[in-house]
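Reviewing the structure listed below.
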Amino acid sequence: MGRIILGVIVGFIAWSIIWVGGNEVLASLSPDWYGAYKLQFEKAAFNKTPFESDSSFLILNLVRSMVTTLLSAYLAVFVANESRRTTLILGVLLLAVGIYFESTYWDQLPVWYHLTFLALLIPMSIAGGMLKKTA
(Lines give C-alpha, C1' and ligand atoms only; values in the text may rest on other atoms or scores of the structure.)
Protein backbone atom coordinates (compact mmCIF):
# COMPACT_ATOMS: atom_id res chain seq x y z
CA MET A 1 0.00 0.00 0.00
CA GLY A 2 2.93 2.33 0.65
CA ARG A 3 4.10 2.05 -2.96
CA ILE A 4 0.60 2.84 -4.21
CA ILE A 5 0.47 5.98 -2.06
CA LEU A 6 3.94 6.98 -3.23
CA GLY A 7 2.92 6.33 -6.84
CA VAL A 8 -0.18 8.50 -6.48
CA ILE A 9 1.86 11.31 -4.91
CA VAL A 10 4.47 11.11 -7.67
CA GLY A 11 1.75 11.04 -10.33
CA PHE A 12 -0.01 14.06 -8.85
CA ILE A 13 3.20 16.07 -8.57
CA ALA A 14 4.17 15.05 -12.11
CA TRP A 15 0.76 16.17 -13.41
CA SER A 16 1.17 19.56 -11.72
CA ILE A 17 4.71 20.09 -13.03
CA ILE A 18 3.85 18.99 -16.58
CA TRP A 19 0.71 21.17 -16.67
CA VAL A 20 2.28 24.35 -15.27
CA GLY A 21 5.56 23.80 -17.10
CA GLY A 22 3.75 23.13 -20.37
CA ASN A 23 1.75 26.32 -19.92
CA GLU A 24 4.91 28.36 -19.51
CA VAL A 25 6.72 26.66 -22.40
CA LEU A 26 3.79 27.28 -24.75
CA ALA A 27 3.51 30.90 -23.60
CA SER A 28 7.21 31.49 -24.29
CA LEU A 29 7.17 29.66 -27.65
CA SER A 30 4.05 31.47 -28.83
CA PRO A 31 3.89 34.80 -26.97
CA ASP A 32 1.61 36.45 -29.52
CA TRP A 33 -1.04 33.72 -29.43
CA TYR A 34 -0.78 31.38 -26.43
CA GLY A 35 1.04 33.82 -24.17
CA ALA A 36 -1.32 36.71 -24.92
CA TYR A 37 -4.39 34.52 -24.49
CA LYS A 38 -3.05 33.11 -21.22
CA LEU A 39 -2.38 36.61 -19.90
CA GLN A 40 -5.88 37.79 -20.87
CA PHE A 41 -7.40 34.79 -19.15
CA GLU A 42 -5.37 35.35 -15.97
CA LYS A 43 -6.42 39.02 -15.86
CA ALA A 44 -10.10 38.13 -16.34
CA ALA A 45 -9.91 35.42 -13.67
CA PHE A 46 -8.14 37.72 -11.20
CA ASN A 47 -10.55 40.62 -11.81
CA LYS A 48 -13.57 38.28 -12.11
CA THR A 49 -14.52 39.90 -15.39
CA PRO A 50 -15.99 38.30 -18.52
CA PHE A 51 -13.61 36.51 -20.83
CA GLU A 52 -13.99 35.77 -24.54
CA SER A 53 -12.73 32.20 -24.92
CA ASP A 54 -11.13 30.83 -28.07
CA SER A 55 -12.17 27.26 -28.99
CA SER A 56 -8.75 26.38 -30.43
CA PHE A 57 -7.09 27.41 -27.16
CA LEU A 58 -9.59 25.34 -25.15
CA ILE A 59 -9.21 22.27 -27.37
CA LEU A 60 -5.43 22.54 -27.13
CA ASN A 61 -5.75 22.59 -23.34
CA LEU A 62 -8.03 19.54 -23.41
CA VAL A 63 -5.45 17.65 -25.47
CA ARG A 64 -2.71 18.84 -23.10
CA SER A 65 -4.75 17.60 -20.15
CA MET A 66 -5.19 14.19 -21.75
CA VAL A 67 -1.48 13.83 -22.50
CA THR A 68 -0.52 15.15 -19.06
CA THR A 69 -2.86 12.69 -17.36
CA LEU A 70 -1.58 9.77 -19.45
CA LEU A 71 2.05 10.59 -18.62
CA SER A 72 1.45 11.16 -14.91
CA ALA A 73 -0.56 7.93 -14.56
CA TYR A 74 2.15 5.99 -16.38
CA LEU A 75 4.72 7.41 -13.95
CA ALA A 76 2.48 6.63 -10.96
CA VAL A 77 2.17 2.99 -12.05
CA PHE A 78 5.91 2.82 -12.72
CA VAL A 79 6.55 3.85 -9.10
CA ALA A 80 3.75 1.78 -7.53
CA ASN A 81 4.19 -1.30 -9.76
CA GLU A 82 0.41 -1.67 -9.56
CA SER A 83 -2.06 -0.15 -11.97
CA ARG A 84 -5.65 -0.73 -10.94
CA ARG A 85 -5.84 1.04 -7.57
CA THR A 86 -3.05 3.50 -8.33
CA THR A 87 -4.67 4.92 -11.44
CA LEU A 88 -8.14 5.01 -9.90
CA ILE A 89 -6.91 6.84 -6.79
CA LEU A 90 -4.84 9.24 -8.92
CA GLY A 91 -7.83 9.87 -11.21
CA VAL A 92 -10.14 10.59 -8.28
CA LEU A 93 -7.54 12.91 -6.72
CA LEU A 94 -7.09 14.76 -10.02
CA LEU A 95 -10.88 15.00 -10.36
CA ALA A 96 -11.29 16.45 -6.85
CA VAL A 97 -8.59 19.07 -7.44
CA GLY A 98 -9.93 19.66 -10.96
CA ILE A 99 -13.43 20.34 -9.63
CA TYR A 100 -12.00 22.96 -7.31
CA PHE A 101 -10.05 24.74 -10.06
CA GLU A 102 -12.77 24.47 -12.69
CA SER A 103 -15.32 25.90 -10.24
CA THR A 104 -12.94 28.78 -9.57
CA TYR A 105 -12.96 29.70 -13.28
CA TRP A 106 -16.55 28.63 -13.99
CA ASP A 107 -17.68 32.05 -15.26
CA GLN A 108 -14.64 32.61 -17.49
CA LEU A 109 -14.88 29.46 -19.65
CA PRO A 110 -17.73 27.60 -21.36
CA VAL A 111 -19.49 24.77 -19.55
CA TRP A 112 -18.56 22.24 -22.29
CA TYR A 113 -14.87 22.86 -21.55
CA HIS A 114 -15.23 22.40 -17.79
CA LEU A 115 -17.27 19.21 -18.11
CA THR A 116 -15.03 17.69 -20.78
CA PHE A 117 -11.86 18.52 -18.81
CA LEU A 118 -13.27 16.88 -15.69
CA ALA A 119 -14.84 13.90 -17.49
CA LEU A 120 -11.51 12.92 -19.07
CA LEU A 121 -9.39 12.81 -15.90
CA ILE A 122 -10.31 9.35 -14.59
CA PRO A 123 -10.47 7.56 -17.97
CA MET A 124 -7.16 9.07 -19.09
CA SER A 125 -5.60 8.13 -15.76
CA ILE A 126 -6.72 4.53 -16.19
CA ALA A 127 -5.54 4.52 -19.81
CA GLY A 128 -2.15 5.89 -18.75
CA GLY A 129 -1.82 3.07 -16.27
CA MET A 130 -2.57 0.55 -19.00
CA LEU A 131 0.46 1.80 -20.93
CA LYS A 132 2.71 0.33 -18.22
CA LYS A 133 2.65 -3.43 -17.80
CA THR A 134 3.02 -4.38 -14.15
CA ALA A 135 4.56 -7.53 -12.71
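The values are calculated or read from the model by the stated rules, or taken from the named source; none is laboratory data. All figures in this text were calculated on a predicted structure; none of them were measured in a lab. Cβ placement follows ideal geometry from the backbone for every residue including glycine, while neighbour counts extend to all protein chains displayed. Surface accessibility is based on the protein's heavy atoms, side chains included, excluding ligands, DNA and RNA. Shrake-Rupley method; radii C 1.70, N 1.55, O 1.52, S 1.80 Å.
Straight-distance candidates among the aspartates and glutamates for linking to Lys132, with alpha-carbon spacing under 12 Å and chain neighbours fewer than 8 residues away dropped: Glu82. Tell me which trypsin sites (Lys or Arg not before Pro) from the stretch 78-135 have a DSSP coil assignment and no more than 15 other beta carbons within 10 Å of their own. Here the sparse-neighbourhood loop sites are Lys133. Backbone phi angles across the stretch 79-96, fed through the Karplus curve with coefficients 6.51, -1.76 and 1.60 (θ = phi - 60°), yield HN-Hα couplings of 6, 7, 6, 7, 9, 5, 6, 4, 5, 5, 5, 4, x, 5, 4, 4, 5, 4 Hz in residue order; Gly and Pro are listed as x. Backbone geometry of the stretch 113-121 corresponds, through the Karplus equation with coefficients 6.51, -1.76 and 1.60 at θ = phi - 60°, to 3J(HN,Hα) couplings of 5, 4, 5, 5, 3, 5, 5, 8, 4 Hz, x marking Gly and Pro.
Using a 1.4 Å probe, what is the accessible area per residue for the stretch 38-135, in Å²? Provide the component values of the computation, followed by the final result.
Details: 5560 Å² over 98 residues.
Solvent-accessible surface per residue comes out at 57 Å².
Label sites at Lys48 and Leu29, each approximated as a point 7 angstrom past Cα along Cα to Cβ, lie 3.6 nm apart.
Accessible area of the chain with a 1.4 Å probe: how many percent of it is carbon plus sulfur?
Numbers: 5480 of 7740 Å².
The value for the chain is 71 percent carbon and sulfur by accessible area.
Placing dummy labels 7 Å off each Cα toward the beta-carbon, the span from Arg3 to Leu62 is 3.7 nm.
What relative contact order, as a whole-number percentage, does the chain give when Cα pairs under 8 Å and 6 or more residues apart are counted? The partial results should precede the final answer.
On the way: 162 pairs, mean separation 49.5, N = 135.
For the chain, the relative contact order is 37 percent.
Here's the picture: charge each Lys and Arg Cβ at +1 and each Asp and Glu Cβ at -1 in the stretch 1-116, and of Ile17, Phe46, Val77 the one pushed furthest to the positive end of that dipole is Val77.
Across all Cα atoms of the stretch 1-131, the radius of gyration (one decimal) and Dmax (whole number) stand at 15.4, 47 Å.
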